[in-house]
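Below: one structure, written as C-alpha coordinates.
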Amino acid sequence: MDVNYSRALNLLKSNPPEQTLDLKLSHAKYLQLENAFLKLYPESLELRYPSLSYNSFTETVTVVTAPANIHESAASGISSVIEVDAKQYVSTYSEELASSILGYGSTTTTRFRGAFEGSRKQPDGGVRYKSLDGEKVTVVVEVGFSENYTRLCRSKDVWIDGHGVNVFILVCLTERPRFKNPTTVYDDVRDVDDAIDEMQNSINETLSLNLSNNRHALYLYRGHKWAGEMREAFIEIWRAGNSLPSRYDLIQNGHTCDELPTTLGIRIIDMFPDHVWQASNIPDRVIPFNARLYVRTLMKAMCVTAVDRFATYIRGDEEDEDGDEEEDEDE
(Lines give C-alpha, C1' and ligand atoms only; values in the text may rest on other atoms or scores of the structure.)
Protein backbone atom coordinates (compact mmCIF):
# COMPACT_ATOMS: atom_id res chain seq x y z
CA MET A 1 0.00 0.00 0.00
CA ASP A 2 1.19 3.55 -0.82
CA VAL A 3 2.98 5.07 2.23
CA ASN A 4 1.35 8.49 1.79
CA TYR A 5 -2.07 6.88 1.43
CA SER A 6 -1.53 4.94 4.67
CA ARG A 7 -0.36 8.04 6.56
CA ALA A 8 -3.41 10.04 5.46
CA LEU A 9 -5.84 7.22 6.29
CA ASN A 10 -4.28 6.62 9.72
CA LEU A 11 -4.63 10.30 10.61
CA LEU A 12 -8.28 10.28 9.52
CA LYS A 13 -8.88 7.23 11.71
CA SER A 14 -7.08 8.47 14.82
CA ASN A 15 -8.29 12.09 14.45
CA PRO A 16 -6.10 13.72 17.14
CA PRO A 17 -6.65 17.48 17.59
CA GLU A 18 -4.68 20.23 15.84
CA GLN A 19 -3.07 18.14 13.13
CA THR A 20 -2.55 19.07 9.46
CA LEU A 21 -0.95 16.73 6.96
CA ASP A 22 -0.04 17.50 3.32
CA LEU A 23 0.86 14.56 1.11
CA LYS A 24 1.31 13.86 -2.60
CA LEU A 25 -1.25 11.45 -4.06
CA SER A 26 -2.33 10.74 -7.60
CA HIS A 27 -5.96 11.51 -8.38
CA ALA A 28 -6.76 7.81 -8.61
CA LYS A 29 -5.21 7.18 -5.19
CA TYR A 30 -7.03 10.19 -3.77
CA LEU A 31 -10.38 8.78 -4.96
CA GLN A 32 -9.52 5.57 -3.14
CA LEU A 33 -8.78 7.58 0.02
CA GLU A 34 -12.00 9.57 -0.37
CA ASN A 35 -13.96 6.34 -0.60
CA ALA A 36 -12.33 5.07 2.61
CA PHE A 37 -13.08 8.44 4.25
CA LEU A 38 -16.77 8.17 3.31
CA LYS A 39 -16.93 4.72 4.88
CA LEU A 40 -15.27 5.98 8.06
CA TYR A 41 -17.50 9.06 8.25
CA PRO A 42 -20.72 8.59 6.23
CA GLU A 43 -21.78 12.11 7.22
CA SER A 44 -18.51 13.58 5.90
CA LEU A 45 -20.12 16.08 3.51
CA GLU A 46 -21.65 17.84 6.53
CA LEU A 47 -18.80 16.95 8.91
CA ARG A 48 -16.54 19.85 9.89
CA TYR A 49 -13.58 17.77 11.09
CA PRO A 50 -11.70 15.70 10.28
CA SER A 51 -11.68 17.20 6.81
CA LEU A 52 -10.20 15.84 3.62
CA SER A 53 -9.29 18.17 0.76
CA TYR A 54 -7.52 17.68 -2.54
CA ASN A 55 -5.74 19.99 -4.97
CA SER A 56 -5.87 18.19 -8.31
CA PHE A 57 -3.43 20.60 -9.95
CA THR A 58 -0.60 19.92 -7.47
CA GLU A 59 -1.88 16.41 -6.62
CA THR A 60 -1.80 17.30 -2.91
CA VAL A 61 -4.14 15.78 -0.35
CA THR A 62 -4.63 17.61 2.95
CA VAL A 63 -6.03 16.09 6.13
CA VAL A 64 -7.06 18.48 8.90
CA THR A 65 -8.30 17.40 12.31
CA ALA A 66 -10.19 19.59 14.80
CA PRO A 67 -8.22 22.86 15.01
CA ALA A 68 -7.51 25.06 18.01
CA ASN A 69 -10.17 27.51 19.19
CA ILE A 70 -8.11 30.41 17.90
CA HIS A 71 -8.28 28.97 14.38
CA GLU A 72 -12.07 28.89 14.45
CA SER A 73 -12.36 32.32 16.06
CA ALA A 74 -10.03 33.87 13.49
CA ALA A 75 -12.24 32.63 10.65
CA SER A 76 -15.65 33.42 12.15
CA GLY A 77 -14.46 36.81 13.42
CA ILE A 78 -14.07 37.97 9.80
CA SER A 79 -16.84 36.01 8.08
CA SER A 80 -19.58 37.10 10.47
CA VAL A 81 -18.58 40.79 10.27
CA ILE A 82 -18.74 40.75 6.47
CA GLU A 83 -22.02 38.84 6.28
CA VAL A 84 -23.84 40.89 8.94
CA ASP A 85 -22.74 44.29 7.62
CA ALA A 86 -23.53 43.40 4.00
CA LYS A 87 -26.98 42.07 4.91
CA GLN A 88 -27.86 45.16 6.96
CA TYR A 89 -26.74 47.56 4.24
CA VAL A 90 -28.36 45.73 1.30
CA SER A 91 -31.64 45.21 3.22
CA THR A 92 -32.25 48.98 3.18
CA TYR A 93 -32.53 48.68 -0.62
CA SER A 94 -33.79 45.12 -1.14
CA GLU A 95 -34.68 42.59 1.55
CA GLU A 96 -34.88 39.87 -1.09
CA LEU A 97 -31.34 40.55 -2.26
CA ALA A 98 -30.10 40.79 1.33
CA SER A 99 -31.53 37.34 2.06
CA SER A 100 -29.36 35.91 -0.73
CA ILE A 101 -26.19 36.74 1.27
CA LEU A 102 -25.35 33.65 3.31
CA GLY A 103 -22.48 32.55 5.49
CA TYR A 104 -20.25 29.85 4.08
CA GLY A 105 -17.68 27.57 5.63
CA SER A 106 -19.02 24.16 6.61
CA THR A 107 -19.82 22.87 3.13
CA THR A 108 -17.51 20.66 1.10
CA THR A 109 -17.10 21.95 -2.45
CA THR A 110 -16.16 19.75 -5.37
CA ARG A 111 -17.23 21.93 -8.30
CA PHE A 112 -13.86 23.19 -9.47
CA ARG A 113 -12.85 23.87 -13.04
CA GLY A 114 -9.86 23.91 -15.36
CA ALA A 115 -6.62 22.61 -13.90
CA PHE A 116 -8.38 22.21 -10.53
CA GLU A 117 -11.16 19.93 -11.76
CA GLY A 118 -11.45 16.99 -9.36
CA SER A 119 -10.38 19.07 -6.34
CA ARG A 120 -12.22 19.01 -3.03
CA LYS A 121 -12.15 21.90 -0.53
CA GLN A 122 -13.86 23.06 2.64
CA PRO A 123 -13.08 26.68 3.58
CA ASP A 124 -12.76 27.95 7.13
CA GLY A 125 -15.32 30.66 6.45
CA GLY A 126 -16.75 32.95 3.83
CA VAL A 127 -19.86 34.27 2.11
CA ARG A 128 -21.95 32.97 -0.75
CA TYR A 129 -24.74 34.33 -2.91
CA LYS A 130 -27.73 32.01 -3.23
CA SER A 131 -31.09 32.67 -4.87
CA LEU A 132 -33.54 31.02 -7.24
CA ASP A 133 -31.48 32.16 -10.22
CA GLY A 134 -28.23 30.60 -9.08
CA GLU A 135 -25.48 30.28 -6.50
CA LYS A 136 -21.90 31.55 -6.25
CA VAL A 137 -19.26 31.45 -3.54
CA THR A 138 -18.11 35.07 -3.45
CA VAL A 139 -15.75 35.33 -0.45
CA VAL A 140 -13.59 32.63 1.11
CA VAL A 141 -11.66 32.85 4.39
CA GLU A 142 -8.86 30.43 5.21
CA VAL A 143 -6.75 30.56 8.37
CA GLY A 144 -3.25 29.26 8.89
CA PHE A 145 -2.30 28.81 12.54
CA SER A 146 1.45 28.19 12.68
CA GLU A 147 1.08 26.65 9.21
CA ASN A 148 3.10 26.92 6.05
CA TYR A 149 2.26 30.15 4.21
CA THR A 150 2.75 28.35 0.90
CA ARG A 151 -0.11 25.99 1.78
CA LEU A 152 -2.46 28.94 2.22
CA CYS A 153 -1.40 30.39 -1.12
CA ARG A 154 -2.14 27.07 -2.81
CA SER A 155 -5.65 27.26 -1.36
CA LYS A 156 -5.93 30.76 -2.77
CA ASP A 157 -5.19 29.47 -6.26
CA VAL A 158 -7.80 26.72 -5.96
CA TRP A 159 -10.55 29.11 -4.90
CA ILE A 160 -9.77 32.03 -7.23
CA ASP A 161 -8.63 30.19 -10.36
CA GLY A 162 -10.61 27.00 -9.86
CA HIS A 163 -13.87 28.35 -8.45
CA GLY A 164 -13.96 32.00 -9.42
CA VAL A 165 -14.47 33.55 -5.99
CA ASN A 166 -14.37 37.35 -5.88
CA VAL A 167 -12.16 37.61 -2.79
CA PHE A 168 -9.87 35.22 -0.94
CA ILE A 169 -9.03 36.29 2.63
CA LEU A 170 -5.89 34.71 4.03
CA VAL A 171 -5.33 34.94 7.79
CA CYS A 172 -1.89 33.90 9.02
CA LEU A 173 -1.18 33.44 12.76
CA THR A 174 2.14 32.35 14.20
CA GLU A 175 2.52 30.69 17.62
CA ARG A 176 6.01 30.45 19.09
CA PRO A 177 7.06 28.09 20.52
CA ARG A 178 4.77 25.50 18.97
CA PHE A 179 2.69 23.59 21.50
CA LYS A 180 3.74 20.16 22.77
CA ASN A 181 2.12 18.07 25.47
CA PRO A 182 4.02 17.53 28.74
CA THR A 183 6.31 14.51 28.81
CA THR A 184 5.22 13.53 32.32
CA VAL A 185 1.82 12.35 33.51
CA TYR A 186 -0.11 14.57 35.96
CA ASP A 187 -0.77 11.78 38.44
CA ASP A 188 -1.84 14.12 41.25
CA VAL A 189 -5.12 15.16 39.59
CA ARG A 190 -8.04 13.86 41.65
CA ASP A 191 -10.93 15.72 39.99
CA VAL A 192 -10.55 16.63 36.33
CA ASP A 193 -13.21 19.36 36.32
CA ASP A 194 -11.71 21.03 39.40
CA ALA A 195 -8.27 20.90 37.81
CA ILE A 196 -9.55 22.56 34.64
CA ASP A 197 -11.29 25.30 36.65
CA GLU A 198 -8.11 25.93 38.61
CA MET A 199 -6.07 26.13 35.42
CA GLN A 200 -8.65 28.46 33.85
CA ASN A 201 -8.38 30.87 36.76
CA SER A 202 -4.61 30.90 36.55
CA ILE A 203 -4.59 31.44 32.78
CA ASN A 204 -7.13 34.27 33.07
CA GLU A 205 -4.57 36.28 35.02
CA THR A 206 -2.17 36.07 32.09
CA LEU A 207 -4.96 37.04 29.71
CA SER A 208 -5.76 40.16 31.76
CA LEU A 209 -2.12 41.23 31.63
CA ASN A 210 -1.94 40.57 27.89
CA LEU A 211 -5.08 42.58 27.22
CA SER A 212 -3.95 45.54 29.28
CA ASN A 213 -0.44 45.60 27.77
CA ASN A 214 -1.34 44.68 24.17
CA ARG A 215 1.13 41.84 24.59
CA HIS A 216 0.69 38.30 23.35
CA ALA A 217 2.76 36.40 25.90
CA LEU A 218 2.66 32.62 26.27
CA TYR A 219 0.34 30.86 28.72
CA LEU A 220 2.14 28.95 31.46
CA TYR A 221 0.59 26.61 34.02
CA ARG A 222 2.38 24.11 36.26
CA GLY A 223 5.60 25.03 34.52
CA HIS A 224 4.34 24.02 31.07
CA LYS A 225 3.58 26.18 28.01
CA TRP A 226 -0.05 25.51 27.04
CA ALA A 227 -0.03 28.21 24.39
CA GLY A 228 2.98 29.95 22.92
CA GLU A 229 3.34 33.63 22.22
CA MET A 230 1.20 34.86 19.35
CA ARG A 231 4.24 36.18 17.55
CA GLU A 232 2.71 37.43 14.32
CA ALA A 233 -0.72 37.93 12.77
CA PHE A 234 -1.58 39.40 9.42
CA ILE A 235 -4.39 39.34 6.86
CA GLU A 236 -3.99 39.26 3.09
CA ILE A 237 -6.74 40.07 0.61
CA TRP A 238 -6.32 38.34 -2.77
CA ARG A 239 -8.35 39.04 -5.91
CA ALA A 240 -8.38 37.49 -9.37
CA GLY A 241 -5.88 39.11 -11.69
CA ASN A 242 -3.80 40.63 -8.89
CA SER A 243 -0.28 39.25 -8.56
CA LEU A 244 0.15 40.80 -5.11
CA PRO A 245 -2.32 41.00 -2.21
CA SER A 246 -3.32 43.86 0.07
CA ARG A 247 -1.67 43.08 3.41
CA TYR A 248 -2.77 44.20 6.87
CA ASP A 249 -0.43 43.60 9.82
CA LEU A 250 -2.13 43.10 13.19
CA ILE A 251 0.59 41.67 15.45
CA GLN A 252 4.37 41.92 15.03
CA ASN A 253 7.03 40.57 17.38
CA GLY A 254 4.41 39.69 19.97
CA HIS A 255 2.91 43.21 20.15
CA THR A 256 -0.29 44.63 18.70
CA CYS A 257 0.55 47.03 15.87
CA ASP A 258 0.06 50.73 16.59
CA GLU A 259 -1.80 51.41 13.35
CA LEU A 260 -4.58 48.90 12.77
CA PRO A 261 -6.89 48.89 9.73
CA THR A 262 -10.49 50.10 9.88
CA THR A 263 -11.34 48.17 6.69
CA LEU A 264 -9.92 45.26 4.71
CA GLY A 265 -11.03 46.80 1.44
CA ILE A 266 -13.94 44.35 1.07
CA ARG A 267 -16.91 46.01 -0.65
CA ILE A 268 -20.62 45.29 -1.02
CA ILE A 269 -20.08 44.54 -4.70
CA ASP A 270 -17.88 41.60 -3.65
CA MET A 271 -20.94 39.81 -2.22
CA PHE A 272 -22.57 39.23 -5.62
CA PRO A 273 -22.01 37.81 -9.09
CA ASP A 274 -21.36 40.60 -11.59
CA HIS A 275 -24.70 40.35 -13.40
CA VAL A 276 -26.68 40.44 -10.16
CA TRP A 277 -24.82 43.49 -8.90
CA GLN A 278 -25.20 45.39 -12.17
CA ALA A 279 -28.97 44.85 -12.10
CA SER A 280 -29.34 45.84 -8.44
CA ASN A 281 -28.78 49.64 -8.72
CA ILE A 282 -27.45 49.62 -5.14
CA PRO A 283 -24.66 52.12 -4.32
CA ASP A 284 -21.42 50.36 -3.45
CA ARG A 285 -19.48 51.01 -0.26
CA VAL A 286 -16.61 49.61 1.80
CA ILE A 287 -17.38 47.15 4.62
CA PRO A 288 -15.79 48.35 7.90
CA PHE A 289 -13.55 46.15 10.00
CA ASN A 290 -12.71 46.75 13.67
CA ALA A 291 -9.18 45.32 13.78
CA ARG A 292 -8.64 46.25 17.43
CA LEU A 293 -11.70 44.25 18.46
CA TYR A 294 -10.56 41.40 16.22
CA VAL A 295 -7.13 41.28 17.89
CA ARG A 296 -8.76 41.14 21.33
CA THR A 297 -10.89 38.26 20.05
CA LEU A 298 -7.73 36.44 19.00
CA MET A 299 -6.16 37.01 22.41
CA LYS A 300 -9.15 35.55 24.22
CA ALA A 301 -9.30 32.64 21.78
CA MET A 302 -5.64 31.85 22.49
CA CYS A 303 -6.50 31.67 26.18
CA VAL A 304 -9.36 29.27 25.42
CA THR A 305 -6.97 27.24 23.26
CA ALA A 306 -4.58 26.87 26.20
CA VAL A 307 -7.39 25.64 28.48
CA ASP A 308 -8.69 23.24 25.81
CA ARG A 309 -5.23 21.73 25.38
CA PHE A 310 -4.87 21.25 29.13
CA ALA A 311 -8.34 19.67 29.37
CA THR A 312 -7.61 17.31 26.47
CA TYR A 313 -4.33 16.29 28.03
CA ILE A 314 -5.55 15.48 31.53
CA ARG A 315 -8.67 13.78 30.23
CA GLY A 316 -6.38 11.67 28.08
CA ASP A 317 -4.40 10.79 31.20
CA GLU A 318 -7.63 9.78 32.88
CA GLU A 319 -8.49 7.47 29.96
CA ASP A 320 -5.03 5.91 30.15
CA GLU A 321 -5.59 5.12 33.82
CA ASP A 322 -8.92 3.48 32.98
CA GLY A 323 -7.26 1.42 30.28
CA ASP A 324 -9.52 2.71 27.49
CA GLU A 325 -6.81 3.88 25.13
CA GLU A 326 -4.74 0.75 25.68
CA GLU A 327 -7.73 -1.41 24.68
CA ASP A 328 -8.16 0.56 21.44
CA GLU A 329 -4.52 0.13 20.58
CA ASP A 330 -4.67 -3.60 21.24
CA GLU A 331 -7.62 -3.92 18.90
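Laid out as a table, the results:
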quantity	calculated
Alpha-carbon centroid distance for the pair the range 64-122 / the range 256-286, whole angstrom	15 Å
Inter-label distance, nm, simple model (7 Å from Cα along the C-beta direction), Gln19/Asp193	3.0 nm
Sequence ranges 61-74, 202-215, 236-249, ranked by mean other-Cβ count within 10 angstrom, highest first	61-74, 202-215, 236-249
Diffusion coefficient, µm² s⁻¹, Stokes-Einstein with Kirkwood Rh over alpha-carbon pairs of the chain at 10 °C and 1.306 mPa s	74 µm²/s
Helical mean residue ellipticity (222 nm; -39500 (n - 2.57) per DSSP H run of 4+; nearest 500) of the chain	-13500 deg cm²/dmol
For Thr107, residues with placed amide H under 5 Å, excluding near neighbours	none
Solvent exposure of the range 1-150 as accessible area per residue, Å², 1.4 Å probe	46 Å²
In nm, spacing of pseudo-spin labels at Ser91 and Asn290 (7 Å Cα→C-beta vector)	1.8 nm
Per residue value of the accessible surface for the range 165-270 (all protein chains in place, 1.4 Å probe), Å²	53 Å²
Given Lys39/Lys130; Lys13/Lys136; Lys121/Lys225; Lys136/Lys156; Lys225/Lys300, the pairs whose alpha carbons are separated by over 22 Å	Lys39/Lys130; Lys13/Lys136; Lys121/Lys225
The chain, relative contact order [Cα under 8 Å, separation at least 6], %	14 percent
Long-range amide H partners of Gly118 with built H, under 5 Å	Phe112
Leu220 paired with Thr184, simple spin-label distance in nm, labels 7 Å along Cα-to-beta-carbon	1.6 nm
Relative contact order %, the range 179-318, counting alpha carbon pairs below 8 Å whose residues are six or more apart	26 percent
Stretchable slack from Tyr49 to Ala279, in nm (0.36 nm times residue separation minus alpha-carbon distance)	78.9 nm
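The values are calculated or read from the model by the stated rules, or taken from the named source; none is laboratory data. Since this is a predicted model, take the numbers as computed values, not measurements. Cβ atoms come from the backbone with ideal geometry, glycine included; neighbour counts cover every protein chain shown. Surface areas here come from the heavy atoms of the whole protein model, side chains and all, with no ligands, DNA or RNA. Shrake-Rupley method; radii C 1.70, N 1.55, O 1.52, S 1.80 Å.
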